Amino acid sequence: MKSIRKMSLLLLIMAFILAACGDSGNNKAEGVTKKGEKVKLTIWHNFAGDDLRAKTVRGLIEKFAQDNPLVELDAQAIPPDGYRQRLSTVAAGNELPDLFFVYAGSHSSELYKAGLLQPITEVIDQNPEWKDNFMPGAFDAFTFEPDEIYTAPIGMSATSILYYNTSLFKQYNVKVPTTWVEMMTAIKVFNENKITPIALGNKAPWVAQSTIIGSLADRVTGTEWFKNASAQTGAKFTDPEFVEALGYFKQLVDNKAFQEGANSIDNTQAEQYFIQGNAAMMISGAWTLTNLAASASEEQMKDIDVTVLPSIPGGKGDGNTISGGAGGGMALSKRTEGAVKDAALKLVYAVSGPDAQKAIAESNSMVMYNTDIDQSKVSSLYYKAFNLVKKTNITPVYDAYLSAEAAEVMNNGLQEIMTGGTPQSVAKKLQDAQARSVTP
């Protein structure tokens, strides 16, 4: 009798071991599939628009849902202007979805510091060829501890491209500006001819910060100064060079570089204002490439070219740069585990793997990935910008380094300058906010 009981116990232990083996690693989702049980997976992202990139990413998510019928997918596309606030609200209550889009820089690092993220390193290491084809630095903004990667970028952020209308420059015999003096001359000539010099839609106040001040200020202060000021080590935002940088932005305002009501229209409206020939220039990011590819005619597109912002006299920074870096990607909630986690990692690969990178690039959107592109699927403007970005250095976008509070102060501060505020006042508010965030 004892031997029979021992045998029964041994068989029971073996059954548990086999069950545990069959439910380990990346086979968890398969195990659920074999049983015919559904896994519920939630994902939030900000690809809510009608531009080609947004449609492409949503299409990748929809294809994942079709290919994985036993994954019950709850996907929410939230407009970019309200995305961060909505994510912050659920993060405060520790109620984040399983997967969610995060921006590179302070946005993702603060979520990490709050203990709300877990790495996706395992799916990256399982696909070494995919990992090796990312461009240098692609994972830097998402590596918060040694050998642990927290997302794979699904795009490249290039935020300060100077778009210009070649037809208008030719018509009014204006030189495309490479120096600040030439920029001021161009602004004067276009204003005299009732053409808006620079289209700007700053209703969501991140626009002026992301597209103009990061690149403009870097030309004045240099990159190292900005990183030191952000870390509050050896530099402050009240330093003369930063006040001077804000002064250059004020020069644009005072010389009526932007159209009336720039703080009342959004970035998409500004793009349309520009492409319709109402403005000679627009300082914007790579997202404008895909937006214009979706909304502008070939006739309109042929008159548009791209370059970098002009250099600043006596500036400490490189004059041939564009602000930007790795774009955002999908992050994994710390609470997601088991078969749901396996399904989530599979979705990460679906929206940022090799096929996805190619599809996103062919939506006229920059990627930090080496991929072949079908030229017939992209606009001529995209190729111009792609070649421009390849030969220029990348400098930081301010809100990728500033704390969330300081970034909001910077955004609102530029709006203040546009309505009569002073560089000195904005610089002090920014310094106080960043110091509060950095000081223990």
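The values are calculated or read from the model by the stated rules, or taken from the named source; none is laboratory data. Since this is a predicted model, take the numbers as computed values, not measurements. Backbone-built Cβ (ideal geometry, glycine too); neighbour counts: all protein chains shown. Calculation scope for accessible area: heavy atoms of the full protein, side chains included, ligands and nucleic acids excluded. Shrake-Rupley method; radii C 1.70, N 1.55, O 1.52, S 1.80 Å.
At a glance:
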item: Among the candidates Ser157, Ser167, residue that is in contact (Cβ under 8 Å) with a residue 40 or more places away in the chain and in contact with an Asp or Glu (Cβ under 9 Å, 6 or more places away or on another chain); result: Ser167
item: Options Ser437, Ser403, Ser379; residue that is hydroxyl-bearing (Ser, Thr, Tyr), at pLDDT below 95, surrounded by fewer than 22 Cβ atoms within 10 Å (Cβ to Cβ) and within 29 Å of Tyr164 (Cα to Cα); result: Ser379
item: Verdict on Leu347 being touching a helix residue (DSSP H, G or I) at 6+ places or on another chain (Cβ under 7 Å), in contact (Cβ under 8 Å) with a residue 40 or more places away in the chain and of a type in the set (A, V, I, L, M); result: yes
item: Leading residue by the ranking (surrounded by the fewest Cβ atoms within 10 Å (Cβ to Cβ)) among those in the stretch 303-350 that are hydrophobic (A, V, I, L, M, F, W, C) and out of contact with any strand residue (DSSP E or B) (no Cβ under 8 Å at 6 or more places or on another chain); result: Ala350
item: Positions within the stretch 87-119 being free of Cβ contacts under 8 Å to residues at least 24 places away in the same chain and either surrounded by 14 or more Cβ atoms within 10 Å (Cβ to Cβ) or among the β-branched types (Val, Ile, Thr) (or both), in sequence order; result: Thr89, Val90
item: Number of the exception - Val176 against (1) of a type in the set (A, V, I, L, M, F, W, C); (2) closer than 23 Å to Asn387 by Cβ; (3) under 17 Å from the mean Cα position of the chain (by Cα); result: (3)
item: Enumeration of residues in the stretch 30-40 that are within 24 Å of Ser333 (Cα to Cα), open to solvent by 30 Å² or more (accessible area, probe 1.4 Å) and at pLDDT below 95; result: Glu30, Thr33, Glu37, Lys38
item: Failed condition for Ala77, given (1) more than 26 Å from Asn202 (Cα to Cα); (2) open to solvent by 20 Å² or more (accessible area, probe 1.4 Å); (3) touching a Phe, Trp or Tyr at 6+ places or on another chain (Cβ under 7 Å); result: (1)
item: Every residue from the stretch 182-194 that is surrounded by fewer than 20 Cβ atoms within 10 Å (Cβ to Cβ) and touching a residue at least 40 places away in the same chain (Cβ under 8 Å); result: Glu182, Met184, Lys188, Asn191
item: Some residue of the stretch 141-151 being part of a helix (DSSP H, G or I) and under 19 Å from the mean Cα position of the chain (by Cα); result: yes
item: Breaking point among (1) under 22 Å from the mean Cα position of the chain (by Cα); (2) under 15 Å from Glu122 (Cα atoms); (3) β-branched (Val, Ile, Thr), for Val351; result: (2)
item: The stretch 166-181 - residue that is within 15 Å of Ala257 (Cα to Cα) and touching a Pro at 6+ places or on another chain (Cβ under 6 Å) and, of those, least open to solvent (accessible area, probe 1.4 Å); result: Pro177
item: Residue tally, condition of a type in the set (A, V, I, L, M) and outside any helix (DSSP H, G or I), over the stretch 350-393; result: 5
item: Top-ranked residue of the stretch 293-302 - restricted to ones that are modelled with pLDDT of 90 or more and open to solvent by less than 40 Å² (accessible area, probe 1.4 Å), ranked as nearest to Lys175 (Cα to Cα); result: Met301
item: Per-region count, the stretch 189-247, residues in a helix (DSSP H, G or I) and touching an Asp or Glu at 6+ places or on another chain (Cβ under 9 Å); result: 15
item: Within the stretch 267-292, considering residues that are polar (S, T, N, Q) and surrounded by 20 or more Cβ atoms within 10 Å (Cβ to Cβ), the one nearest to Gly214 (Cα to Cα); result: Ser284
item: Subset of the stretch 88-124 [touching a helix residue (DSSP H, G or I) at 6+ places or on another chain (Cβ under 9 Å) and farther than 12 Å from Ser333 by Cα]; result: Ser88, Tyr103, Ala104, Gly105, Ser106, His107, Ser109, Glu110, Glu122, Val123, Ile124
item: Residue in the stretch 330-340 that is in contact with an Asp or Glu (Cβ under 9 Å, 6 or more places away or on another chain), within 30 Å of Met301 (Cβ to Cβ) and not acidic (Asp, Glu) present; result: no
item: Filter result for Leu252 (out of contact with any Gly (no Cβ under 7 Å at 6 or more places or on another chain), within 24 Å of Lys55 (Cα to Cα) and either open to solvent by less than 30 Å² (accessible area, probe 1.4 Å) or among the β-branched types (Val, Ile, Thr) (or both)); result: no
item: Every residue from the stretch 68-84 that is in a strand (DSSP E or B) and out of contact with any helix residue (DSSP H, G or I) (no Cβ under 6 Å at 6 or more places or on another chain); result: Glu72, Asp74, Gln76, Ala77
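Residues are listed down the side, and each one gets a yes or a no for (1) assigned to a strand (DSSP E or B); (2) modelled with pLDDT of 90 or more; (3) more than 26 Å from Gly338 (Cα to Cα):
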{"site": "Leu9", "(1), (2), (3)": "no, no, yes"}
{"site": "Ile13", "(1), (2), (3)": "no, no, no"}
{"site": "Thr42", "(1), (2), (3)": "yes, yes, no"}
{"site": "Lys55", "(1), (2), (3)": "no, yes, yes"}
{"site": "Gln66", "(1), (2), (3)": "no, yes, no"}
{"site": "Arg86", "(1), (2), (3)": "no, yes, yes"}
{"site": "Pro97", "(1), (2), (3)": "no, yes, no"}
